[in-house]
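The values are calculated or read from the model by the stated rules, or taken from the named source; none is laboratory data. Quick caveat, the model's predicted, so the values are computed rather than measured. Note that we place each Cβ from the backbone using ideal geometry, even for glycine, and neighbour counts take in every protein chain shown. Remember, those area values only see protein heavy atoms, side chains included, never the ligands or the DNA or RNA. Shrake-Rupley method; radii C 1.70, N 1.55, O 1.52, S 1.80 Å.
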Amino acid sequence: MNVPFVSFRPLEKELDSDLRGAFTRVYENSWYIEGHEDEAFEKAFAEYCGTKYCVGCGNGLDSLMLILRAYDIGEGDEVIVPSNTFIATALAVSYVGATPVFVEPTLDYYNIDPSRIEEKVTDKTKAIMAVHLYGHPADMDPILEIAHKHGLKVIEDAAQAHGALYKGKRVGSLGDAAGFSFYPGKNLGALGDAGGVTTNDPDLAAKVRALGNYGSDYKYHHIYKGQNSRLDEMQAAFLAAKLPHLDRMNQERRRIAARYLAEIRNPLIVLPKVEEGCEHVWHIFAIRCKQRDALEEHLKKADIGYNKHYPIPMHLQGAYAELNIPKGALPIAEEISATELSLPMFYGMTEEQVDWVIENLNNFMG
């Protein structure tokens, strides 16, 4: 039996008429940038997240970078980021000229460890970027407390956590602002690149919108040195078609995850945990195994897809060689990178496919 790591076909088949209708509507209107579709999706997604504003942009990396620019964070500043995350989190900091300062995660939940943050705060620190990695919310209360104590902004990287809840509140509404990616593989994915910023701050929302539109607050009037990063009408229409189904899609992921958690019983496999007060949306189902290479071969033979998030930690990437962080300096990130393996997790997985994954995880002997 073949089990891909991810497949879009079950959802696309189910929503086929809605997605085709969205395309036709935009095509027939002949309006492709900054129109009614964008406005409607921004309003709907803000309401979904529990914020006053959503501003669409080109992709998830831009969403974080635009927030940093809007807060005037740049050269000479530092931003605290987790040592275990996709590199886009740190790249957003680098692109505005600031320096990412890596803080280790907790091994149980993979997110930034709040108890390690304060020791990295300096007079150059301007913000904490809290990533809701794999769909599990970061522990926001202590992060917000530290930020308040030191006068820092809290920026959520919610790229993997659409719809996740922390103590009853949606991610995207917990900090000062949040960046989302709507890359096709996300829980709420467009049919191309797309991103968005959520916030309750009207000034920030207005500045993010202007910065993403060549620094313009109205046509040919440029108040900032901006860039071109806008959510186009077609992707907004596709996202609006999918948004009403997001909670149902996330619930299906939770059902699959519950089966994995209950039925994978191999002592060689370390299963993920969910922190009290958090509702995970399982963008990634991340296990750990010290015999990962052997497990990969085992899954290949069983025709089961997998991925690794992320096999080289950021501080050991050539992109961040200038930080001179040696191997061994961030051991938790390095351990996760060396042992993490992501199992198939997507809306539309059949019971037989879930059975096959569980069976082959349980019969792995190392």
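Before we move on, is residue 20 at pLDDT 95 or above, surrounded by 14 or more Cβ atoms within 10 Å (Cβ to Cβ), among the basic types (Lys, Arg) and assigned to a helix (DSSP H, G or I)? Considered against the rule, which asks whether it is at pLDDT 95 or above, surrounded by 14 or more Cβ atoms within 10 Å (Cβ to Cβ), among the basic types (Lys, Arg) and assigned to a helix (DSSP H, G or I), residue 20 comes out as no.
Within the range 193-218, the residues that satisfy the criterion of being in contact with a helix residue (DSSP H, G or I) (Cβ under 7 Å, 6 or more places away or on another chain) and outside any helix (DSSP H, G or I) are 194, 195, 196, 197, 198, 199, 212, 216, 217. For the range 25-83, the set of residues classified as of a type outside the set (Asp, Glu), in a helix (DSSP H, G or I), open to solvent by 10 Å² or more (accessible area, probe 1.4 Å) and closer than 30 Å to residue 337 by Cβ consists of 60, 61, 65, 69, listed by residue number.
One line per residue, one yes/no per condition, for (1) under 16 Å from residue 105 (Cβ atoms); (2) open to solvent by less than 60 Å² (accessible area, probe 1.4 Å):
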{"site": "304", "(1), (2)": "no, yes"}
{"site": "307", "(1), (2)": "no, no"}
{"site": "318", "(1), (2)": "no, no"}
{"site": "326", "(1), (2)": "no, no"}
{"site": "329", "(1), (2)": "yes, yes"}
{"site": "336", "(1), (2)": "yes, yes"}
{"site": "345", "(1), (2)": "no, yes"}
{"site": "349", "(1), (2)": "no, yes"}
{"site": "365", "(1), (2)": "no, no"}
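Against the condition assigned to a helix (DSSP H, G or I) and either over 19 Å from residue 191 (Cβ atoms) or not β-branched (Val, Ile, Thr) (or both), how does residue 253 come out, does it pass? Yes, satisfied. Within the range 265-285, restricting attention to residues that are open to solvent by 20 Å² or more (accessible area, probe 1.4 Å) and more than 22 Å from the chain's Cα centre (by Cα), the residue that is nearest to residue 133 (Cα to Cα) is 270. From the list 127, 178, the one residue that fits, being surrounded by 24 or more Cβ atoms within 10 Å (Cβ to Cβ), of a type in the set (Gly, Ala, Ser) and under 30 Å from residue 23 (Cα atoms), is 178. Inclusion of residue 108 among residues that are part of a loop (DSSP other than H, G, I, E, B), out of contact with any Gly (no Cβ under 7 Å at 6 or more places or on another chain), within 18 Å of residue 330 (Cα to Cα) and among the acidic types (Asp, Glu) is warranted.
Among the residues of the range 226-242, are any without any contact (Cβ under 8 Å) to a residue 60 or more places away in the chain and open to solvent by 40 Å² or more (accessible area, probe 1.4 Å)? Checked against the condition, which is being without any contact (Cβ under 8 Å) to a residue 60 or more places away in the chain and open to solvent by 40 Å² or more (accessible area, probe 1.4 Å), the range 226-242 yields no hits at all.
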